[in-house]
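Peer 1: Here it is, the structure, as structure tokens.
The values are calculated or read from the model by the stated rules, or taken from the named source; none is laboratory data. No experiment lies behind these values; they were computed from the predicted model shown. Here the Cβ positions follow ideal geometry from the backbone for every residue, glycine too, while neighbour counts run over all protein chains shown.
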Amino acid sequence: MALGAPNNAQNGTHSVDLDSNGQAPSYIEQTFATTAGLQYLFTASFSSEGNGGPAVTAVSINGNLIGTATVGSGIGEAGASWTDLVWTTKSFLFIATSSTSTLRLQDATSTTQFYNPLIDNVSVDLAVPEPSTLALSGLSLISWFAFRRKTAK
């Protein structure tokens with residue numbers, strides 16, 4: 001694993017480069033506080049070094065795969081350079097199962113390829129329900145109160 005080359009980050013000046021160099025897959029992980037039963041949203045920006053080949057990053061929580069990001073870099077295009085990396089933002093939902101969760105980002109690119117995943121802008125936030133889910137929940141509550149009121153008379 002290495003710090004990405006200067007000025008190639010999606011945001012700021014550096015990114016994380018999961019550089020396995022054809023060896024055992026490299027990874028980065030962090031444990032953070034969560035609340036069991038709540039849904040969280042993982043979001044990050046992904047790219048690839050090399051000549052535009054696809055790099056694969058496996059995203060897991062507590063050892064359980066929640067998604068993969070397969071992206072190329074865009075560097076293989078004529079006249080492109082490290083400052084022209086193409087970044088793709090991916091998001092994955094998960095439900096916490098305890099008071100802490102461990103996020104792991106691991107190079108899952110074939111060991112015969114040298115397209116290392118680049119990662120930037122990692123965040124984990126509580127998932128916000130979609131408006132339609134909130135509306136349906138509100139309608140259910142109103143119906144329940146109306147039913148209780150009617151049966152109480």
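Peer 1: What about residue 64, is it at pLDDT 95 or above and closer than 30 Å to residue 128 by Cβ?
Peer 2: In short, yes.
Peer 1: Also: Scan segment 10-24 residue by residue and report those that are modelled with pLDDT under 80, on the phi < 0 side of the Ramachandran plot and exposed (fewer than 14 other Cβ atoms within 10 Å of the Cβ).
Peer 2: Of everything in segment 10-24, those that are modelled with pLDDT under 80, on the phi < 0 side of the Ramachandran plot and exposed (fewer than 14 other Cβ atoms within 10 Å of the Cβ) turn out to be 13, 23, 24.
Peer 1: Something else about it: Within the bounds of segment 110-119, is there any residue that is at pLDDT 90 or above, touching a Ser or Thr at 6+ places or on another chain (Cβ under 8 Å) and part of a strand (DSSP E or B)? Break it down stepwise before answering.
Peer 2: Within segment 110-119, the subset at pLDDT 90 or above is 119.
Imposing the further condition that a residue be touching a Ser or Thr at 6+ places or on another chain (Cβ under 8 Å) reduces the set to 119.
Narrowing further to those that are part of a strand (DSSP E or B): 119.
Taking every residue of segment 110-119 in turn, at least one turns out to be at pLDDT 90 or above, touching a Ser or Thr at 6+ places or on another chain (Cβ under 8 Å) and part of a strand (DSSP E or B).
Peer 1: I've got another one for you. Check segment 87-94 and report whether any residue there is surrounded by 14 or more Cβ atoms within 10 Å (Cβ to Cβ), touching a helix residue (DSSP H, G or I) at 6+ places or on another chain (Cβ under 9 Å) and at pLDDT below 95.
Peer 2: Scanning segment 87-94, I find no residue that is surrounded by 14 or more Cβ atoms within 10 Å (Cβ to Cβ), touching a helix residue (DSSP H, G or I) at 6+ places or on another chain (Cβ under 9 Å) and at pLDDT below 95, so the answer is no.
Peer 1: Here are some residues: 81, 98. Which one is over 16 Å from the mean Cα position of the chain (by Cα), modelled with pLDDT under 95, on the phi < 0 side of the Ramachandran plot and of a type in the set (Ser, Thr, Tyr)?
Peer 2: Sole residue among the options that is over 16 Å from the mean Cα position of the chain (by Cα), modelled with pLDDT under 95, on the phi < 0 side of the Ramachandran plot and of a type in the set (Ser, Thr, Tyr): 81.
Peer 1: Given the condition aliphatic (A, V, I, L, M), out of contact with any strand residue (DSSP E or B) (no Cβ under 8 Å at 6 or more places or on another chain) and at pLDDT 95 or above, answer yes or no: does some residue in segment 41-56 qualify?
Peer 2: no
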